[in-house]
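What follows is a short report on a single structure.
The values are calculated or read from the model by the stated rules, or taken from the named source; none is laboratory data. This structure is a prediction, so every number in the text was calculated from the model and none was measured. Backbone-built Cβ (ideal geometry, glycine too); neighbour counts: all protein chains shown.
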Amino acid sequence: MKNIVFIFISLLLFSCNTSAQNKNNEEIFSVTKTDAEWKADLDESEYNVLRKAGTEHAFSSELNKNYEKGVYVCAACGTPLFKSEYKYDSRSGWPSFDREIEGNVAFSTDRDLGYTRNEEHCATCGGHLGHVFDDGPKTTGKRHCINGAALDFIPSKNE
Ligand code: FE
């Protein structure tokens, strides 16, 4: 009986791990495509951000000043990533949120600009979204600085 309980707890712990990793410590994503497939499925700016970890020009995204009610989903795989009520005006020029939909966004670190930043990506397809900083509003203290090209906005139906 103890063994069964142990196995059950182990399974539970493993399934709660939002970004499962394989032996090589690489994340496993449930949606995977070849680079050619992503290139065919995404437009140029989506591909550059999501698959090449590019950054769109500040103030270039229509979603930057969007404050309608709804949900922001991954432009590559449709996974819900941020709710409209998490959005605020950071004045940075990029859509900003004080929190993510927990479990649907995964995090890593990068030193692309010579200092350590917390990168964030879609936990379903691995698409790069942006970075999270500790200079957010009082609600959480976090500023999720997200490229609008990585997001699609789905307005609430009852609005
Ligand atoms: Fe995705």
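Scan the stretch 112-126 residue by residue and report those that are away from the ligand (no atom under 14 Å from the Cβ), touching a strand residue (DSSP E or B) at 6+ places or on another chain (Cβ under 9 Å) and closer than 21 Å to GLU56 by Cβ.
Taking the stretch 112-126 as the starting set, the residues that turn out to be away from the ligand (no atom under 14 Å from the Cβ) are 112-119.
If we keep only those that are touching a strand residue (DSSP E or B) at 6+ places or on another chain (Cβ under 9 Å) too, we end up with 112, 116-119.
Listed by number, the residues that qualify are ASP112, ARG117, ASN118, GLU119.
Against the definition (out of contact with any Ser or Thr (no Cβ under 8 Å at 6 or more places or on another chain), at pLDDT 95 or above and within 14 Å of the ligand (Cβ to nearest atom)), how does GLU100 come out, yes or no? Spell out the reasoning first.
Details: out of contact with any Ser or Thr (no Cβ under 8 Å at 6 or more places or on another chain): yes; at pLDDT 95 or above: yes; within 14 Å of the ligand (Cβ to nearest atom): yes.
So GLU100 passes the test.
Within the bounds of the stretch 108-119, is there any residue that is within 11 Å of the chain's Cα centre (by Cα) and of a type in the set (Lys, Arg)? For the stretch 108-119, residues within 11 Å of the chain's Cα centre (by Cα) and of a type in the set (Lys, Arg): absent. Filter the stretch 144-159 for residues that are free of Cβ contacts under 8 Å to residues at least 60 places away in the same chain and either crowded, with 21+ Cβ neighbours inside 10 Å or assigned to a strand (DSSP E or B) (or both) and give the result. Matches in the stretch 144-159: CYS145 only.
Note on the stretch 47-56: among residues that are in a loop (DSSP other than H, G, I, E, B) and either out of contact with any Gly (no Cβ under 8 Å at 6 or more places or on another chain) or away from the ligand (no atom under 13 Å from the Cβ) (or both), the one that is nearest to VAL105 (Cα to Cα) is ALA53. Residues in the stretch 1-42 that are modelled with pLDDT of 75 or more and more than 18 Å from the chain's Cα centre (by Cα): THR34, ASP35, ALA36, GLU37, LYS39, ALA40, ASP41. On inspection, GLY141 fails the criterion of being over 22 Å from PHE29 (Cα atoms), more than 16 Å from the ligand (Cβ to nearest atom), small (Gly, Ala, Ser) and surrounded by 14 or more Cβ atoms within 10 Å (Cβ to Cβ).
Looking at LYS33, LYS69, which one is of a type in the set (Lys, Arg) and within 16 Å of the ligand (Cβ to nearest atom)? Let's see the steps before the verdict.
Values: LYS69 fails: within 16 Å of the ligand (Cβ to nearest atom).
Sole residue among the options that is of a type in the set (Lys, Arg) and within 16 Å of the ligand (Cβ to nearest atom): LYS33.
Within the stretch 55-82, the set of residues being in contact (Cβ under 8 Å) with a residue 40 or more places away in the chain and small (Gly, Ala, Ser) comprises SER60, SER61, GLY70, ALA75, ALA76, GLY78. How many residues does the stretch 68-88 contain that are closer than 15 Å to LYS142 by Cβ and either surrounded by fewer than 20 Cβ atoms within 10 Å (Cβ to Cβ) or among the charged types (D, E, K, R) (or both)? Result for the stretch 68-88: 5.
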